[in-house]
1. What full-extension length gain, to one decimal in nm, is calculated for residue 62 and residue 146 as 0.36 nm per residue of separation minus the Cα-Cα distance?
2. On alpha-carbon atoms, Rg over Rh for the chain using Kirkwood Rh?
3. By the scheme Lys and Arg +1, Asp and Glu -1, what is the net charge of all other residues having a beta-carbon under 15 Å from that of residue 5?
4. With labels modelled as points extended 7 Å from the Cα through the Cβ direction, what inter-label distance (nm, one decimal) is found for residue 16 paired with residue 125?
5. Report, to one decimal in Å, the Kirkwood hydrodynamic radius for the range 122-169 based on all distinct Cα pairs.
6. Beta carbons within 10 angstrom, averaged per residue: use that to sort the peptides 56-62, 96-102, highest first.
7. With each label point set 7 Å from Cα along the Cα-Cβ vector, what nm distance links residue 174 and residue 107?
8. Would you check the accessible area of residue 164, probe 1.4 Å, heavy atoms only, in square angstrom rounded to 10?
Amino acid sequence: MTEIIERAEVERILREPRYPVPEADASSTAPFDRFRARASRFANGAVHDARRRRLDAALTALRPAELARLAGSRTRGALARGADITGIARSVPVAVLGEALGFVDPDGLPPLVGQVTARYASGTATDTAAEDAAITRLLAAAPARDDEARVLLVQLLVQAHAATAALVEGAMRRPGGIRPFSADDS
């Protein structure tokens, strides 16, 4: 297998029509497979572009200062309860993004997202029943919009989960760490 690590080369390949992404099975009736088939990541061409525009609109509507305020508040609360850095990194970003996007019960989202992240990327199930149940609960918690909008909002949570957790954990572990956002920072 060839590894491509140079950003310019990755971007070139992603734009190249000869290299479409593998599409998810749209004929499946399993909840998780249906979710993957309706996500932008596993679509190509005009379908991908339309879904991507909806994702961009959802992200553009977010206010970074408000996200930082929410993250600071949740982080301070987690630290006060004795949470460790890994727990904070895996829960706070998902809960904050979920709250900002209008999900029901943002604090309940991180374990559900954690349950489905690996299967989302690979398509390979480790616990089909649990993953189907988690994705069903995530879709039900998404703001009451059309089905595609629900899928795309859940996709944002899932795609941000591992990468954001790694960034936050790395920042919190570096010398000096990161300090939670406070009202004085606004």
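The values are calculated or read from the model by the stated rules, or taken from the named source; none is laboratory data. Just so we're clear, the structure is a prediction, and the values are computed from it rather than from any experiment. When we count neighbours, we look across all protein chains shown, and the Cβ atoms used for this are built from the backbone with ideal geometry, even at glycine. Remember, those area values only see protein heavy atoms, side chains included, never the ligands or the DNA or RNA. Shrake-Rupley method; radii C 1.70, N 1.55, O 1.52, S 1.80 Å.
1. 28.3 nm
2. On the Cα set of the chain, Rg over Rh gives 0.98.
3. Net charge around residue 5: -2.
4. 3.4
5. That comes to 12.0 Å for the range 122-169.
6. 96-102, 56-62
7. Result: 3.1 nm between the two label points.
8. In the full protein context, residue 164 sits at about 40 Å².
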